[in-house]
1. Which is at pLDDT 80 or above and under 22 Å from A:Glu5 (Cα atoms), of A:Ile120, A:Ile114, A:Ile55, A:Ile102?
2. Collect the residues in segment A:1-32 that are touching a residue at least 40 places away in the same chain (Cβ under 8 Å) and under 23 Å from A:Leu93 (Cβ atoms), keeping them in residue-number order.
3. Would you check if B:Ser96 is modelled with pLDDT of 70 or more, loosely packed, with under 11 Cβ neighbours inside 10 Å and more than 31 Å from the chain's Cα centre (by Cα)?
4. Could you tell me which of the residues A:Met109, A:Met89 is touching a residue at least 40 places away in the same chain (Cβ under 8 Å), among the aliphatic types (A, V, I, L, M) and closer than 25 Å to A:Glu70 by Cβ?
5. Show the residue pairs meeting these rules: Cβ distance below 8 Å; 6+ apart or different chains; first residue within segment B:2-16 and within 8 Å of another protein chain (Cβ to nearest Cβ); second residue in a loop (DSSP other than H, G, I, E, B).
6. Looking at this structure, is A:Val127 in contact with a Lys or Arg (Cβ under 6 Å, 6 or more places away or on another chain) and either at pLDDT 85 or above or not basic (Lys, Arg) (or both)?
7. Only one residue in B:Leu49, B:Leu39 is modelled with pLDDT under 90 and at the interface with chain A (Cβ under 8 Å from one of its Cβ atoms), so which one is that?
8. Count, please, the residues in segment A:86-95 that happen to be in a helix (DSSP H, G or I), touching a helix residue (DSSP H, G or I) at 6+ places or on another chain (Cβ under 6 Å) and not aliphatic (A, V, I, L, M).
Amino acid sequence: MLKNEMDAEEALQDAFLKAYNSLNSFRQEAKFSTWFYKITYNTALTVLASKKRKIEKEMSSIEDHFDLSEHDSKIYSESNNANEYLLKMVDKLPIRHALVIILFYIDNMSLNDISLVLGISLVNTKVILHRSRNSLRELLLKHNYQEELI
Amino acid sequence: MKKLTNDLMNGYIDNELNQSEIDLVNKIITENPDQLKQLKAHQFVDQGLKKLDVDKAPSNLTQIVMEKISNSISVKNQKPYFLYGVLSVFGIGILSSIIYLALLIPSDKTESLHSRPLFDKVSLFFGNVSSSMNMVFESSNVITIGLALTFVLIIGFLFMLSYQKQVVEKLNSFGH
């Protein structure tokens, strides 16, 4: 999300500290992990905003289109196989799309929990996941990577 | 010829389709190799994403976080000694003034103070303090000293505000 290891570490430390200081405000309406993810997400957004990056562009509505093809040639030439290519393309997804992918596939969170963390509806979370997959699929097809699967 | 929609493909890999929809998907991919290719690519995305690597947090993260938390607690528990100092000085000053003024009571009234009931003694004491204060404040030197003390008080108050602001900023810097 921050695309910078030092920023990510700083945000993670601050998130732990915020969680520690805000433990009294945790009302057990959601799972602790969801609450903590939300704090981490908001802290990362604060770090992004403080770096004056184009956060508005990144956090735009899911109705906005994103185009991965602009990064395609460079990443394709740099990748040794389909998996590497896929992972690099995930990094080029808009922040919220990449986050949904990461939370869903790496952290095994349910779509409902992801929607709570990101503060968006369940339907929108699902739409984001599907759109991300669809876009990645089109790129794989373009390079005939699907043959490596089965 | 029917095509696989995005919804069908996403539903297929998420196991959200009912039997008739699964049959439909199977029929389409059997009849149309291009659609099979599409579905394979979709499955590849799903399986590839499951292999995403997790960036490990640095090994000393726990230590760093605990240090930050400890610092935050020590800042929170830090007493405003400057404020206490200023308040103590002025408190002692005011108490000393009252005691001094009480000692200025004229001797004939002091004698009667010992022989009267407690209520009268108290009334007499505060009456004496009041009259002594009037006497004292008639002097221009006392007014000058009072003004100087007020000035010092205001400066002390400004220092106190500045100190408090610094503490709040420090706390906020840990929180963000």
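The values are calculated or read from the model by the stated rules, or taken from the named source; none is laboratory data. Treat the numbers as computed from the prediction; the structure is a model and nothing was measured. All Cβ positions, even for glycine, are placed from backbone atoms using ideal geometry, and neighbour counts span all protein chains on display.
1. A:Ile102
2. If the condition is that a residue be touching a residue at least 40 places away in the same chain (Cβ under 8 Å) and under 23 Å from A:Leu93 (Cβ atoms), then A:Met1, A:Leu2, A:Lys3, A:Asp7 are the ones that fit.
3. Numbers: modelled with pLDDT of 70 or more: yes; loosely packed, with under 11 Cβ neighbours inside 10 Å: yes; more than 31 Å from the chain's Cα centre (by Cα): yes.
Against the criterion (modelled with pLDDT of 70 or more, loosely packed, with under 11 Cβ neighbours inside 10 Å and more than 31 Å from the chain's Cα centre (by Cα)), B:Ser96 qualifies.
4. Numbers: A:Met109 fails: closer than 25 Å to A:Glu70 by Cβ.
Answer to the check: A:Met89.
5. As it stands, the answer is B:Asn10/B:Glu16, since those pairs meet every condition given.
6. Numbers: in contact with a Lys or Arg (Cβ under 6 Å, 6 or more places away or on another chain): no; either at pLDDT 85 or above or not basic (Lys, Arg) (or both): yes.
Against the criterion (in contact with a Lys or Arg (Cβ under 6 Å, 6 or more places away or on another chain) and either at pLDDT 85 or above or not basic (Lys, Arg) (or both)), A:Val127 does not qualify.
7. Numbers: B:Leu39 fails: at the interface with chain A (Cβ under 8 Å from one of its Cβ atoms).
Only one candidate qualifies: B:Leu49.
8. 1
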